[in-house]
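Right, one structure below, let's go through it.
The values are calculated or read from the model by the stated rules, or taken from the named source; none is laboratory data. Treat the numbers as computed from the prediction; the structure is a model and nothing was measured. Here the Cβ is made from the backbone with ideal geometry for all residues, glycine too, and neighbour counts use every protein chain on show. Keep in mind that these areas ignore ligands, DNA and RNA; they rest on the heavy atoms of the full protein, side chains included. Shrake-Rupley method; radii C 1.70, N 1.55, O 1.52, S 1.80 Å.
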Amino acid sequence: MTKILIVEDEPNMRLGLKDNLEFEGYEVEIAEDGESGLTKILDNNFDLVIMDVMMPKMSGFDVCKSVRKSGVTTPIILLTAKGEEIDKVLGLELGADDYVTKPFSIRELLARVKAILRRSESFSSVENKSVKIGKLEVDFNGYKASSGKKDIQMSHKEFEILHFLWKKRNTTVSRDDLLTEIWGYDETPTTRTVDNFILKLRQKIETDPNHPKIILTVHGVGYKMVL
């Protein structure tokens, strides 16, 4: 059974999400603050984490950062009451896979949950082999990346973007294609978010990120991975 963790300090929201997700057939655990949420994430194997941003003890941003630094690639959806682009971009840059701005409908959240779980399932079934992409040796099946003998930490979303570009290597991929394929819906996030992720990937792959040779910009369209 798919196992989901809800990290939310507001009791009504926490229990409402738990009831709705259990009704959909998911196994659900809850945490009441960021600190206990982080402990649960590191001590268990969840298929997905749904986490509020503004919480006691540790914010969702801080938990997300700590989780990714520890090497855990479990997909994370952030719940935020803030609609500003900078907050959304920050959450995604810290390793979140998606975000939903409060107030939201349960149907919208469930659609996001199902989309992420569906992509995670198909992603984990890719061929079990490592590929060389620039400075990185990437094991897509194991969500692992290394450069020489050093492990390189990457978020779940970074692996998904890199895998999509690798599958489409030597062909141009539009920003809209990336948004649709990786995020799975046409509304937010914006193409600026895609650009930020590409910048992060270039820093890990390229010998000189300021003059990329592998992930090239196709002006006015999107990107092309050249291998």
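Using Cα centres only, tell me the gap between the range 7-39 and the range 157-227 in whole Å.
If we compute the Cα centre of each part, the gap is 33 Å.
At a threshold of 8 angstrom on Cα-Cα distance, excluding pairs fewer than six apart, so keeping six or more, what relative contact order does the range 3-122 reach in percent?
It rounds to 22 percent for the range 3-122.
Enter the accessible area per residue of the chain (Å², integer; probe 1.4 Å; all protein chains in place).
48 Å²
Once you've got the Cα coordinates, tell me which of LYS40/LYS168; LYS40/LYS167; LYS102/LYS157 are over 29 Å apart.
LYS40/LYS168; LYS40/LYS167
Once a ≥ b ≥ c are taken as the square roots of the eigenvalues of the Cα gyration tensor of the range 3-122, is the result rounded (a/c under 1.5), prolate (a/b larger than b/c) or oblate (a/b not larger than b/c)?
rounded
How much of the DSSP beta bridge set in the chain is antiparallel, as a percent to the nearest 5?
Expressed as a percentage, antiparallel bridges in the chain total about 50.
About the Cα centre of the chain, what is the dipole size in debye to 20, counting +1 per Lys and Arg Cβ and -1 per Asp and Glu Cβ, all else neutral?
That gives a dipole near 1180 debye.
Divide by every residue of the chain the summed helix terms, -39500 (n - 2.57) for each DSSP H run of at least 4, and state the resulting mean residue ellipticity at 222 nm, rounded to the nearest 500 deg cm²/dmol.
-12500 deg cm²/dmol
LEU199: net charge of surrounding residues, Cβ under 14 Å, Lys/Arg +1, Asp/Glu -1, itself excluded?
With Lys, Arg at +1 and Asp, Glu at -1, the net is +1.
Looking at the chain, identify the longest residue range that excludes and avoids all GluC sites (Glu not before Pro) in DSSP loops having at most 11 other Cβ atoms within 10 Å.
Value returned for the longest uninterrupted segment is 1-83.
How much of the accessible area of the range 140-225, probe 1.4 Å, is carbon plus sulfur, in whole percent?
Heavy-atom surface of the range 140-225 belonging to carbon and sulfur, 1.4 Å probe: 47 percent.
Find out how many positive minus negative residues lie around GLU27, taking Lys and Arg as positive, Asp and Glu as negative, among other residues whose Cβ is under 10 Å from that of GLU27.
-2
Share of the range 3-122's accessible area from carbon and sulfur, percent, 1.4 Å?
Taking all protein chains in place, the range 3-122 shows 51 percent carbon and sulfur surface.
Using a 1.4 Å probe on the protein heavy atoms only, what accessible surface does LEU179 show? Give it in Å² to the nearest 10.
Near enough 20 Å² of accessible area.
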